[in-house]
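K.L.:
Before we start, here is the structure in question, set down as structure tokens.
Just so it is clear, none of the values below were taken in a lab; they were calculated from the coordinates. Just so you know, these numbers come straight off a predicted model, no measurement behind them. As a convention, Cβ positions derive from the backbone with ideal geometry for all residues, glycine included, and neighbour counts pool all protein chains shown.
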Amino acid sequence: MSATDSSPAWLLGHAERTPDVSAVDSPWVRLTYRQLAERMLSLAGHLQASGVRPGDKVLIALPLGSAAVVAGLAVQALGACAVELDRESGASSLDAILAQTGARHAFLFGQDARKWAGKPGLTHFYVAHSARPPERMLQALAPATCTWVQEDGALDSEAKSSPLDALPATPPDAHAAIVYTSGSTGTPRGVIQTFGNIAANTRSIVEYLNLTPKDRAHLILPLHYCYGKSVLQTHLLAGASVFLDPRFMYPQVVLEAMAAEDSTGFAGVPLTFELLKRQASPETLSKLKLRYLTQAGGGMAPDTIQWTRESFHPADLYVMYGQTEATARLSYLPPKYAKEKAGSIGMGIPGVELRVVGEDGTPLLVGETGHLVARGANVTPGYLNAPEETASVLKDGWLWTGDLAWRDADGFFFLVGRAKEILKVNGHRVSPAEIEHHLARHPAVQEVAVVGVPDALGGEAACAVVVPHAGVEVKEDDLRRFCRESLPVHKVPKHVVFAEALPRGPAGKVLKAELRTRYSSVGSK
């Protein structure tokens, strides 16, 4: 076998040393390292026979489950590039991604077949379905060739091919994954992640989380999200196991499974812990055996952080910060500094250097606010077929994250906000995050997002979009008065509007661009 430092190589190593140890499980399927490796090699052999070569882009649009794991590993086992997509991607996004990647092969969920019918360039579909796909489903995809992939990632017994017998010698700079994010122009933007990027980031995370073969992650995050994917990758490297659980629409069910499965780790975005805070029963929480929790995907309200630490005690909470352009992770706050450095995103992960710089890239002094930049082996070489956008974020070897931050004397970093989201109110620079964290402390506020809207008098004004707790009445003046008690006048939102829910993307992030559009005329009323 090749010495390639990659997820498929890690899997094969564990399959040889500990073949009968649990690798990837779910409520419906359980796979040991041997079984996972067998399915990966079998599928990789079939992909190779159907024309997939090193460097080819292969689309994967599957729900969280064993088939998605096997598909991603099989593609990368060939030295090809996995393009994992949200199944809910719209037709225009799919068309743009097909044009950008030139993909000829795609994995799709059976019930999505009609959505993929007639897509140009695709010659072979791997259809994941619980039973042999009905003829009408396959007819919708004609004239492309279709192969059935079972729920556990195994190929249809009628699919004739030989398993892959060896991993190719794939160079570290070869493309391993393309992860799509929203581009500034509205066109999907593909972040390139190389085999070297993934290996570097995965090893760093395993190091600071102290992962061992005894760990078992309970994963609810999708694999097309770099955070979810990193949970899988780190546990494959460590020889640990992952329980895939796509049932978070029922938080109590997930918590009960977490207890029954003896899970030691759990990862979530701020919304994850907000929902648990509202619905988790203390009795179920007391049964958990978690060693650690991780939180990324945006800033979490201070009271939710406190609730999480108290409710999941003695598990450690790692507050983390990262970007798709950094494969997954850039910094983490060691749990021992939770109180002393509250509000900090921590320090760079092993192998990553962080700086705060001015507009010209010159490093700033302690306490000065500027652009947060990073460099390390986990940083992307750029965006797929987008040289101008690549040049806008990669400058002189540094990734410009788009965030504003400052550094304290101990080397801990504190975010101020997205550079593009910082408001300019009457000549003052105002961080929406600061206002959001303050309003989140009000007992009537369930969720809040602050955006800038045009001001009738010119310039920009802060608009707070508030989701109140069910059955609680609160008025705009009440919340503005609450802000005036602790914030300077220029940080008090000029407008407060109420909504039933905040719009969110697949990973749970608030879609602030949508809010700015929705409430752009509030200042003219």
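K.L.:
If the viscosity is 0.890 mPa s and the temperature 25 °C, what translational diffusion coefficient in µm²/s does Stokes-Einstein give for the chain when Rh comes from Kirkwood over Cα pairs?
P.N.:
Answer, rounded: 101 µm²/s.
K.L.:
Output ³J(HN,Hα) for the stretch 342-359: one whole-Hz value per residue in order, computed from phi by the Karplus curve 6.51 cos²θ - 1.76 cosθ + 1.60 with θ = phi - 60°, and x for Gly and Pro.
P.N.:
For the stretch 342-359, the Karplus-derived couplings read 4, x, 8, 8, x, 10, x, 5, x, x, 10, 10, 10, 9, 10, 10, x, 4 Hz, x marking Gly and Pro.
K.L.:
Would you pull out the residues with amide H under 5 Å of Ala176's amide H, same chain only if 5 or more places away, H placed 1.01 Å from N?
P.N.:
Gln193, Thr194, Phe195
K.L.:
Over the chain, what is the percentage of antiparallel beta bridges among all DSSP beta bridges, to the nearest 5?
P.N.:
Details: 49 of 88 bridges.
Here the antiparallel bridges make up roughly 55 percent for the chain.
K.L.:
Compute the angle between helix 226-238 and the longest alpha-carbon principal axis of the chain, please, reported from 0 to 90 degrees and rounded to the nearest 10.
P.N.:
Once rounded, one gets 50 degrees.
K.L.:
Among the lysines, select those whose C-alpha is under 20 Å from the C-alpha of Lys512, and discard any that sit fewer than 8 residues away in the same chain.
P.N.:
Straight-line reach from Lys512, under 20 Å: Lys420, Lys424, Lys491, Lys494.
K.L.:
Next up: Of the DSSP beta bridges with both residues in the stretch 228-384, give the percent that are antiparallel, rounding to the nearest 5. Kindly include the intermediate steps, with their values, before the conclusion.
P.N.:
On the way: 12 of 20 bridges.
Close to 60 percent.
K.L.:
Can you give me the angle between helix 33-49 and the longest principal axis of the chain, using Cα atoms only, in degrees from 0 to 90, rounded to the nearest 10?
P.N.:
Result, in degrees: 70.
K.L.:
List, in order, the whole-Hz ³J(HN,Hα) value for each residue of the stretch 254-271 obtained from phi through the Karplus relation with A = 6.51, B = -1.76, C = 1.60 and θ = phi - 60°; use x for Gly and Pro.
P.N.:
5, 4, 5, 5, 4, 6, 5, 8, 6, 5, 10, x, 8, 10, x, 8, x, 4
K.L.:
Looking at the stretch 426-524 only, what percent of DSSP beta bridges run antiparallel? Nearest 5 please. Present the calculation step by step, with values, prior to reporting the outcome.
P.N.:
Details: 10 of 14 bridges.
If we restrict to bridges inside the stretch 426-524, about 70 percent are antiparallel.
K.L.:
While we're looking at this one, here's another question. What are the aspartates and glutamates whose alpha-carbon lies under 13 Å from the alpha-carbon of Lys289, with same-chain residues fewer than 8 places away excluded?
P.N.:
Asp215, Glu256, Glu261, Asp262, Asp316
K.L.:
Turning to a different aspect of this structure: Give me, ordered by chain and number, the residues 5 or more places off Ala267 or on other chains with an amide H under 5 Å from its own placed amide H.
P.N.:
Close amide H contacts, sequence-distant or interchain: His218, Ile220, Thr294.
K.L.:
How many nm separate the modelled label positions at Asp360 and Val497, each set 7 Å beyond the Cα in the direction of the Cβ?
P.N.:
The two pseudo-label positions are separated by 4.1 nm.
K.L.:
Can you give me the Cα centroid spacing of the stretch 273-337 and the stretch 437-477 in angstrom?
P.N.:
Cα centroid to Cα centroid, the span is 25 Å.
K.L.:
Another question about this same structure. Just to confirm the number: angle between the C-alpha axis of helix 91-101 and the first principal axis of the chain, 0 to 90 degrees, nearest 10?
P.N.:
60 degrees
K.L.:
Next question, about the same structure. Just report the Cα centroid separation between the stretch 366-388 and the stretch 99-170, whole Å.
P.N.:
36 Å
K.L.:
Related question: Taking H as built 1.01 Å from N, whose amide H comes closer than 5 Å to the amide H of Gly402, not counting residues under 5 places away?
P.N.:
Amide H neighbours of Gly402, under 5 Å, 5+ apart: Leu372.
K.L.:
Then there's this: Could you work out the helix-only [θ] at 222 nm for the chain, with each DSSP H run of four or more residues adding -39,500 (n - 2.57) and the total divided by the number of residues, to the nearest 500 deg cm²/dmol? If you can, show how the numbers build up before the last one.
P.N.:
Working: 16 runs with 155 residues, N = 525.
Theoretical 222 nm ellipticity from helices: -8500 deg cm²/dmol.
K.L.:
Please name whichever of Val206, Leu364, Gln35 sits farthest to the positive end of the charge dipole of the chain, dipole taken about the Cα centre and charges placed at Cβ: Lys and Arg +1, Asp and Glu -1.
P.N.:
Positive-most Cα among the choices belongs to Leu364.
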